[in-house]
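Working notes, structure below.
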Amino acid sequence: MRVLITGGAGYLGTHTLLQVLAAGHEVCVFDNLSNSSPEGMERVKALSNRTFEFRNTDLRDRESLIERTKDFAPDAVIHFAGLKAVGESVEKPLEYYENNVQGTINLLYAMEAANCQNIVFSSSATVYGDPDFLPITEDHPLRSTNPYGRSKLHIEEMLRDLAASKPEFTAAILRYFNPVGAHKSGQIGEDPMGIPNNLMPMIAQVAVGRREVVKVFGNDYDTPDGTGVRDYIHVNDLARAHVAALDWTQDHKGARAFNLGVGQGVSVLEMIEAFAKASGRDIPFEIAARRAGDIASCYADPTRARAELGWSAELGLDEMCASSWNWQDSNPRGYEPDA
Ligand code: NAD
Ligand code: WQD
């Protein structure tokens, strides 16, 4: 298959790119490198021993997107490109709607121009908001409390509307829970710019000595140890689900959502403890105030993905922490050249 990967230079994109190449597909990456470095793709080339095309393309530029998509003529698109920081989205909502929603509208026009009917879309468990019940199934009501989440909801709605209007259109909407970890080589991994927003890169940077302490955002939640509980999923399991979803698009029609999670909750303190064990490092932490907008617990019911995509997560917390540490320890400053 000819597969276009938008946002393929990013954290989830590089790991997925590697597995899509390993599955034998021809790949072209579109990315504007606004939150990634070309070095990640160079490393994927070396690891995969395969070539692929890369076009420095901004999804906001519809004309060039259409031309380049027609040039590559994909059979399917995996659409990662977008902005993803919840707090920033509250400060800069228009940037989020422009990159995520308008960028996706442009992409859908480009796919139409290139006669491509299949998309695998990066959605998020954030579309469930503060859950009514756990574990969360795909039928749980959809809602969101911030512009980032609403951008994902709008895109999901657009995909469902488009599928209703075009019988030949297929969208696998993948709702990721909390992706963490890195490729086992330690060559590619999560490399956030500035202060990490997410727990795992924060723990990893404290472990490697780049930051002093992990702030635990609240220990008075209604959870077993009082700290937030999430469904962490290994990035390689997540990447593998995309290969399964690509296959799924080949013999299904319509828009369908799938939860990608392990199905088990892990608390902040459990994560810190598991990382300390995997790295052999002390992880200093202190209890801080709750973070605005956080919820107590969130974990998936991944039954549908198992039944319909034939996919389930295989890697556990120890592998998530060990691979994340291997990446951070080998690349203390991420992809920076003087690392
Ligand atoms: P990332 O920032 O590492 O990757 C996104 C990539 O998209 C980057 O390489 C960035 O340069 C590119 N990009 C952004 N705007 C673009 C534009 N207008 N045109 C072209 N390229 C653009 O993020 P990630 O963690 O790999 O996430 C990938 C996708 O998965 C995102 O859509 C994100 O919302 C979604 N997601 C991520 C998580 C997570 O925890 N990492 C969870 C749920 C959903
Ligand atoms: C996990 C737990 C924090 C950092 C976010 C987005 C979501 C999705 C994934 C894209 C929570 C606690 C965190 C820290 C902490 N992204 N924490 N100290 O909030 O579940 O989800 O990323 O779609 O949309 O909202 O992930 O890693 O930020 O937090 O105590 O320095 O760790 O309070 O309980 P979250 P996270």
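The values are calculated or read from the model by the stated rules, or taken from the named source; none is laboratory data. On a predicted model such as this, the values are computed, not experimentally measured, just so you know. Reconstructed Cβ throughout: ideal geometry from the backbone, glycine too, with neighbour counts over all protein chains shown.
Of the residues that make up the stretch 54-70, is at least one of a type in the set (Phe, Trp, Tyr) and within 22 Å of THR16 (Cα to Cα)? Yes, that holds for at least one residue. The residue of the stretch 1-33 that is farthest from ligand 2 (Cβ to nearest atom), among those that are among the small types (Gly, Ala, Ser) and over 16 Å from the mean Cα position of the chain (by Cα), is GLY24. The condition (being within 15 Å of ligand 2 (Cβ to nearest atom) and of a type in the set (Gly, Ala, Ser)) is satisfied by just one residue among GLY218, GLY263: GLY218. A Cβ distance below 8 Å, combined with a sequence gap of six or more or placement on separate chains, defines the contacts here; from the stretch 152-167, residues that are under 12 Å from SER124 (Cα atoms) and modelled with pLDDT of 95 or more reach residues that are surrounded by 20 or more Cβ atoms within 10 Å (Cβ to Cβ) and hydroxyl-bearing (Ser, Thr, Tyr) in the pairs LYS152/SER123; LYS152/SER124; LYS152/THR126; ILE155/THR104; ILE155/SER123; GLU156/SER123.
Is the stretch 44-52 home to any residue that is at positive phi, out of contact with any strand residue (DSSP E or B) (no Cβ under 7 Å at 6 or more places or on another chain) and of a type outside the set (Lys, Arg)? Yes, the stretch 44-52 contains a residue that is at positive phi, out of contact with any strand residue (DSSP E or B) (no Cβ under 7 Å at 6 or more places or on another chain) and of a type outside the set (Lys, Arg). Go through the stretch 119-134 and report how many residues are touching a Gly at 6+ places or on another chain (Cβ under 9 Å) and within 8 Å of ligand 1 (Cβ to nearest atom). So the answer is 4. GLY218 falls short of the stated requirement of being buried (at least 18 other Cβ atoms within 10 Å of the Cβ) and closer than 28 Å to LEU309 by Cβ. Whenever a residue of the stretch 295-306 is free of Cβ contacts under 8 Å to residues at least 12 places away in the same chain, it has no partner that is within 16 Å of ligand 1 (Cβ to nearest atom) and among the polar types (S, T, N, Q) lying with C-beta atoms less than 8 angstrom away and at least six residues away or across chains. Before we move on, is ALA245 surrounded by 20 or more Cβ atoms within 10 Å (Cβ to Cβ), within 16 Å of ligand 1 (Cβ to nearest atom) and not in a loop (DSSP other than H, G, I, E, B)? Here the answer is yes, as ALA245 does meet what is asked.
Within the stretch 47-74, the set of residues being over 20 Å from GLY24 (Cα atoms) and in a loop (DSSP other than H, G, I, E, B) comprises THR57, ASP58, LEU59, ARG60, ASP61. Inspection of the stretch 37-53 finds no residue satisfying the criterion of being more than 9 Å from ligand 1 (Cβ to nearest atom), within 21 Å of GLN117 (Cα to Cα) and touching a Leu at 6+ places or on another chain (Cβ under 7 Å).
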